[in-house]
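Peer 1: Mind looking over this structure? Questions follow.
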Amino acid sequence: MAEEGRIDGVKDADIAATTARLPKLPNVRAELPERFAQGVRSILERRAQSGWPGEDDNHEVAAFVMVEKPRAYQARFSTEPITDPIATKDRLFGRVLFLTRDAGGGQVLEMPCHPNALLDWLHDEGLEGATLVLAYRSTAIMTLRVRGAAGELTREDKIRDEAPTATLAQLNQTLQHFHITRLLTPGRLQGLWESGRASKYVPGPDPERTIQKDLENWLNSAFWGLLRAEIEEKTLIGRIDVKLLIDEGEKALTYWAIVELKVIKSFANAPGSATPSTVSRTTNLKAIEKGLRQAWAYQKNRKAEHGLLEVYDMREDKEEDLFSASETQKVLAELAPVPSHAVRELFGSADDARFAGYAG
């Protein structure tokens, strides 16, 4: 009979080796477009970090189109098969690649038109709704259109020519980039603001949960192969918002960082034309206090290297720095080590963001 917590016939070393592979596996919790984008990003960054093998100076743009059955386009476009583009040196740029949802293989076609006309070409061929990633080699940028050529640009990412490292500085840079790219102004993350009421600073039904799910995908993409992000872990002392597990070779994954999320706001959610109730300063201060204590406690409980608190400020009036308040300063003085913490401002309109000093 196996000891409690053990499985008959399964060695601890085998379990450790299996879990250590998690950072290199697709994030099956993500929506398919995000899984596809993560796969494409892995291909591009592996190539970039190897000096772009197989590429030439005549082509600068590559298009990756997510399709269910790539072979269905073979007869239609005279495509050729491509397998494991992450591991080969087949040229990517100057081509359209019809790939499966994890970008592991598919069919490839020489660019059928000037890259600037590609969206029109996809429209004409009935592929305007297929998730699309465009890569630009000279600027090292990849763009994602979740809803394809028919939809708006979802986001852009830098194609890194150096592999990510597990440092607090790089994690903070990634969290900052996530904030600017996905959260700063409305329209980038569905459900964050109440539909049609962002300019009035009425949040969606559960903005913290909305941010949490998107952040999980973002972190798994940014640190693929190195860290594994997972959300909503239950513990005896509460529920961890985001945990980052690190691959340390032959060992099982270990806790590297705990990230707690809190939202402060001026109003509660109110659908339609309902009048929203106000959220008090005291309520927002208590959210920050709770977040600091949670980040500290979970870091200690899981023996993680880092504990972080991300505060997302959806208040209409952001003039007061709540971290300077005496209530918050008292909490900070009680905690050692003090969790790393940041306030990320969210605005109900692009005009408000520009007025606050954000550019680009």
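Peer 1: Under 18 Å from a label point 7 Å along Cα→Cβ of LYS89: give me every residue in the range 49-75 with its amide N that close.
Peer 2: 49-59, by backbone N distance to the label point.
Peer 1: Any of LYS286/LYS318; LYS234/LYS318; LYS158/LYS262; LYS200/LYS330 with alpha carbons more than 22 Å apart? Name them for me.
Peer 2: Values: LYS286/LYS318 17 Å; LYS234/LYS318 33 Å; LYS158/LYS262 27 Å; LYS200/LYS330 33 Å.
Pairs exceeding 22 Å: LYS234/LYS318; LYS158/LYS262; LYS200/LYS330.
Peer 1: Let me ask you something else. Which angle from 0 to 90°, rounded to the nearest 10, does the C-alpha axis of helix 32-48 make with the longest principal axis of the chain?
Peer 2: 70
Peer 1: In addition: Show SER324, SER340, SER273 ordered by accessible area, largest first, where the area counts protein heavy atoms only and the probe is 1.4 Å. List each step's numbers first, then the result.
Peer 2: Details: SER324 80, SER340 35, SER273 110 Å².
Greatest to least solvent exposure: SER273, SER324, SER340.
Peer 1: OK, next. Return an integer: the convex hull volume of the alpha-carbon atoms of the range 36-158, in Å³ per residue. Please report the intermediate quantities before stating the final value.
Peer 2: Details: hull volume 11.5 nm³, N = 123.
Spelled out: Cα convex hull of the range 36-158, divided by residues, is 93 Å³.
Peer 1: According to the square roots a ≥ b ≥ c of the eigenvalues of the Cα gyration tensor, what is the shape class of the chain, taking rounded for a/c under 1.5, prolate for a/b larger than b/c otherwise, and oblate for the remainder? If you can, show how the numbers build up before the last one.
Peer 2: On the way: a/c = 2.15, a/b = 1.32, b/c = 1.63.
It comes out oblate by the Cα gyration axes.
Peer 1: Now for a different question. Would you pull out the residues with amide H under 5 Å of GLY307's amide H, same chain only if 5 or more places away, H placed 1.01 Å from N?
Peer 2: Those lying under 5 Å, H to H, from GLY307 are ILE258, SER340.
Peer 1: Could you work out the relative contact order of the chain, using alpha carbon pairs under 8 angstrom and six or more residues apart, expressed as a whole percent?
Peer 2: Working: 633 pairs, mean separation 50.0, N = 360.
It comes to 14 percent, rounded to a whole number.
Peer 1: So how strong a dipole does the chain carry about its Cα centre when Lys and Arg Cβ are +1 and Asp and Glu Cβ are -1, to the nearest 20 debye?
Peer 2: Numbers: 47 positive and 54 negative charges, 106 e Å.
Approximately 500 debye in magnitude.
Peer 1: Run the accessible area of the range 59-175 with a 1.4 Å probe and give the carbon-and-sulfur part as a rounded percent.
Peer 2: Values: 2710 of 5760 Å².
On the range 59-175, the fraction of accessible area on carbon and sulfur atoms equals 47 percent.
Peer 1: OK, next. Give me, ordered by chain and number, the residues 5 or more places off ILE141 or on other chains with an amide H under 5 Å from its own placed amide H.
Peer 2: Here TYR136, ILE159 satisfy the definition.
Peer 1: Another one. Determine ³J(HN,Hα), in whole Hz, for all residues of the range 256-268 in sequence, where each value follows from phi through the Karplus function 6.51 cos²θ - 1.76 cosθ + 1.60 and θ = phi - 60°; x replaces Gly and Pro.
Peer 2: Rounded to whole hertz, the list is 10, 8, 10, 10, 9, 10, 9, 10, 10, 8, 8, 9, 7.
Peer 1: Hey, can you find the accessible area per residue of the chain for me, probe 1.4 Å, expressed in square angstrom?
Peer 2: Details: 18050 Å² over 360 residues.
The answer is 50 Å² per residue.
Peer 1: Then there is this: Which of the aspartates and glutamates could be linked to LYS300 by a straight reach, that is with a Cα gap under 16 Å, when you skip same-chain ones fewer than 8 residues away?
Peer 2: GLU233, ASP241, GLU260, GLU334
Peer 1: For helix 281-302, what angle does its Cα long axis make with the longest principal axis of the chain, in degrees from 0 to 90 and rounded to 10?
Peer 2: That works out to roughly 70 degrees.
Peer 1: Separate question: Any idea what angle helix 207-222 forms with the longest principal axis of the chain, computed on alpha-carbon atoms, 0 to 90 degrees, nearest 10?
Peer 2: 50
Peer 1: Something else now. Rounded, prolate or oblate, given the Cα gyration tensor of the range 174-322, with a/c below 1.5 counting as rounded?
Peer 2: Details: a/c = 2.47, a/b = 1.70, b/c = 1.46.
Note, shape of the range 174-322 comes out prolate.
Peer 1: I would also like to ask the following. Which whole-Hz ³J(HN,Hα) couplings does the range 336-349 yield from phi under the Karplus relation 6.51 cos²θ - 1.76 cosθ + 1.60, θ = phi - 60°, glycine and proline marked x?
Peer 2: Result, rounded to whole Hz: 8, x, 6, x, 4, 8, 8, 10, 10, 7, 10, 10, x, 7.
Peer 1: Given R₀ = 41 Å, FRET efficiency for LYS330-ILE141 by Cβ-Cβ distance, to 0.05?
Peer 2: Numbers: r = 45 Å, r/R0 = 1.09.
After rounding, the FRET efficiency stands at 0.35.
Peer 1: Tell me which of ALA336, THR235, SER324 sits at the most positive position along the dipole axis of the chain, charges placed on C-beta atoms (Lys, Arg +1; Asp, Glu -1).
Peer 2: THR235
Peer 1: Of the trypsin sites (Lys or Arg not before Pro) in the range 31-108, which ones lie in a loop per DSSP and count no more than 12 other C-beta atoms within 10 Å? Please report the intermediate quantities before stating the final value.
Peer 2: Working: sites: ARG35, ARG41, ARG46, ARG47, ARG71, ARG76, LYS89, ARG91, ARG95, ARG101; in loops: LYS89, ARG91, ARG101.
The qualifying sites are LYS89.
Peer 1: Would you mind counting up the charge near PRO203? Only other residues with Cβ under 12 Å from its Cβ, with Lys and Arg at +1 and Asp and Glu at -1.
Peer 2: Numbers: positive: ARG197, LYS200, ARG209, LYS265, ARG315; negative: GLU194, ASP206, GLU208, ASP313, GLU316.
My count for the surroundings of PRO203 gives 0.
Peer 1: Between ALA75 and ALA117, what is the spin-label point distance in nm, taking each point 7 Å from the Cα along the Cα→C-beta axis?
Peer 2: With each label placed 7 Å out from Cα toward Cβ, I get 2.7 nm.
The values are calculated or read from the model by the stated rules, or taken from the named source; none is laboratory data. Since the structure is predicted, the reported quantities are computational estimates derived from the model, not experimental observations. Methodologically, a virtual Cβ is constructed for each residue, glycine included, from the backbone with ideal geometry; neighbour enumeration extends over all protein chains shown. SASA here: full protein model, heavy atoms, side chains in, ligands and nucleic acids out. Shrake-Rupley method; radii C 1.70, N 1.55, O 1.52, S 1.80 Å.
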